[in-house]
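Report on the structure given below.
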Amino acid sequence: MMHRRRKNRFALNTALFVGAAAGLVWAGSIGRPVGNRRVPAPTKPVDLDQYVGRWFEFARYDNRFERGCEGVTAEYYRLPDGLIQVVNTCRQGSPDGRSRSARGRAKIVPGSGNAKLKVSFFGPLFIGNYWVMDRAEDYSWSIVGENSGRYLWILTRAAVPDTDTQTALVRRSAELGYDTGMLRYTRHA
């Protein structure tokens with residue numbers, strides 16, 4: 001009986017902590033600078049079989065939940081129920097720092113050509129938009145944003161893309177309306 005009460009108290013405390021963290025993330029996004037005031041809708045459909053796998057974060061708009069992160073990767077897996085499992089991993093402070101991961105699930109937004117997803121890292125408490133704004137025909141890079149213009153991620157299949165690819169990705173982000181002066185470049189080992 002005592003063990004069950006302790007377990008229930010732990011579960012309640014965990015739920016309250018996760019709820020508070022989700023609230024802080026949401027509240028922290030309100031005052032965040034907007035890097036794109038006219039976010040375009042994604043126009044290219046996404047083949048999920050080609051999109052899944054490991055991506056390396058080349059650059060991002062700085063955000064609270066990735067503070068101090070280097071060596072960032074995102075891995076996507078198709079699940080039997082039609083959802084996508086998301087595993088984001090970062091290295092704290094340096095490309096070979098302590099690893100930490102966040103797991104989530106993504107659901108495709110109907111009618112979006114698989115280019116818009118709703119992603120949740122805290123169950124139903126926090127659901128964010130994930131829009132594949134543009135991608136390479138061979139799925140070697142992807143530019144990801146969302147509707148508020150406060151978040152941007154540039155992802156590549158190579159940990160360190162060649163200089164021409166880096167330049168092209170920054171230029172393409174600017175063409176999509178993003179303020180590339182706000183980009184924070186991710187270091188990889």
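Amide hydrogen proximity for V72: with H placed 1.01 Å from N in the peptide plane, the residues at 5 or more positions away or on another chain lying under 5 Å are E57, R91.
Using the Cα coordinates of segment 55-158, the gyration tensor eigenvalues translate into equivalent-ellipsoid semi-axes of 21, 16, 14 Å, sorted from longest to shortest.
Using R0 = 30 Å, the C-beta based FRET efficiency linking K118 and T163 works out to 0.25. Between amide H atoms placed 1.01 Å from N, distances below 5 Å from G97 occur with Q92, all of them 5 or more places distant or on a separate chain.
FYI, it's all coordinate maths here, none of it is from the lab. What you see is a predicted model, and the numbers here were worked out from it, not measured in a lab. Positions of Cβ are generated from backbone atoms using ideal geometry, with glycine treated the same way; all protein chains shown enter the neighbour counts.
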